[in-house]
Amino acid sequence: MKDALTIKTNLGRSPLADTNTVEKFNVHGAVIIRGVFEDWVELLRDGIEKNINDPGPFVRDYRDSSDGRFFGDYCNWNRIPEYRRFLFESGVGDIANHLMGSKHARLFHEHVLVKEANTNIPTPWHHDQPYYCVDGKQNCSLWLALDQIDQTTSIEFVAGSHRWNKWFRPERFDKSPLFENDKDEVLPDIDANRDQYEILQWAVEPGDVIAFHFLTIHGAPPNLSNSSRRRAFSSRWVGDDATFAVRQGRTSPPFPHCKLQHGDVMSGDDFPIIPSRFDIQ
């Protein structure tokens with residue numbers, strides 16, 4: 001398998017990011033690993049249908065003028081068995097752990113994103129960490145494709161933007177700031193100056209994973225396909241250096257019941273360490 005090291009256990013085989021993949025992740029802030037979770041696609045599709053039919057308290061369900069739909073929800077792994085099984089049994093934490101260079105992989109949250117066919121709703125350019133209640137450099141999102149997605153519809157990344165030493169203002173879809181009186185720098189207009197950036201974008205097949213850092217700038221086009229959905233299951237991970245962060249307002253996700261204080265080590269039932277499933281041979 002391209003860009004993967006095969007690991008054998010009594011559970012079978014699972015690919016773990018090799019040295020070249022880790023280097024690309026560190027340099028570019030985003031990297032693709034092909035075919036890593038082909039055997040988990042149907043399970044997660046089933047979980048997403050349950051989620052759509054029974055959304056959680058933090059659901060975001062956007063509609064466009066033609067009734068296109070962009071459904072997103074997160075923090076449901078404890079109530080949707082398919083999500084929990086994938087997160088605890090697939091070895092996804094091992095990939096996150098290896099990419100982060102961390103001794104442990106701690107689950108931050110999962111996030112499902114579904115753009116139905118004929119949905120003219122783009123995902124604006126942004127980076128994630130300013131929205132999150134976590135500080136630290138050891139982190140990654142693993143965006144798992146559950147449908148075939150051509151390159152023009154797939155998620156995009158500004159290569160190396162996680163290394164700009166910039167913290168851009170978190171905004172809602174309507175461009176209003178997430179936090180009142182936020183003095184952080186406004187994100188530059190990527191689309192108006194695309195030739196100034198190295199933009200990474202891949203066509204993907206079900207089971208492919210795109211890994212990216214919380215500070216990597218990314219966005220996604222509308223789904224203008226007449227027939228194809230764009231479903232993704234994104235798991236977010238933090239490493240040994242992660243600490244809880246109190247922001248200027250309600251973070252996304254909000255974790256309303258979390259009792260951690262600013263600077264505390266990430267811990268507790270909301271953020272479990274996922275035990276390693278695989279040993280390198």
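Residues of region 140-162 being touching a Gly at 6+ places or on another chain (Cβ under 9 Å), in a strand (DSSP E or B) and closer than 17 Å to residue 233 by Cα, which ones? I'd like the intermediate steps shown before the answer.
Going residue by residue through region 140-162, those that are touching a Gly at 6+ places or on another chain (Cβ under 9 Å) are 140, 144-146, 155-162.
With in a strand (DSSP E or B) added as a condition, the list becomes 140, 144-145, 156-158.
140, 144, 145, 156 - these are the residues of region 140-162 that are touching a Gly at 6+ places or on another chain (Cβ under 9 Å), in a strand (DSSP E or B) and closer than 17 Å to residue 233 by Cα.
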Output for Cβ contacts, cut-off 7 Å, separation at least six or different chains, first residue free of Cβ contacts under 8 Å to residues at least 40 places away in the same chain and within 13 Å of residue 255 (Cα to Cα) in region 51-62, second in a loop (DSSP other than H, G, I, E, B) and not hydrophobic (A, V, I, L, M, F, W, C), reads 56/76
Exception for residue 48 within (1) at pLDDT below 95; (2) within 18 Å of the chain's Cα centre (by Cα); (3) farther than 30 Å from residue 198 by Cα; (4) not hydroxyl-bearing (Ser, Thr, Tyr) falls at (1)
Considering region 78-104, residues that are of a type outside the set (Val, Ile, Thr) and free of Cβ contacts under 8 Å to residues at least 60 places away in the same chain, and then whichever is surrounded by the most Cβ atoms within 10 Å (Cβ to Cβ), we arrive at 82
Selection over region 158-190 where residues are hydrophobic (A, V, I, L, M, F, W, C) and surrounded by 15 or more Cβ atoms within 10 Å (Cβ to Cβ) yields a count of 7
Among residues of region 221-271 being small (Gly, Ala, Ser) and more than 29 Å from residue 37 (Cα to Cα), the residue surrounded by the most Cβ atoms within 10 Å (Cβ to Cβ) is 245
Scanning region 44-77 for residues that are crowded, with 16+ Cβ neighbours inside 10 Å, among the aromatic types (Phe, Trp, Tyr) and out of contact with any Leu (no Cβ under 8 Å at 6 or more places or on another chain) gives 58, 74
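The values are calculated or read from the model by the stated rules, or taken from the named source; none is laboratory data. Everything numeric in this text was worked out from a predicted model, so none of it was measured. Glycine gets a Cβ as well: all are built from the backbone with ideal geometry, and neighbour counts include every protein chain shown.
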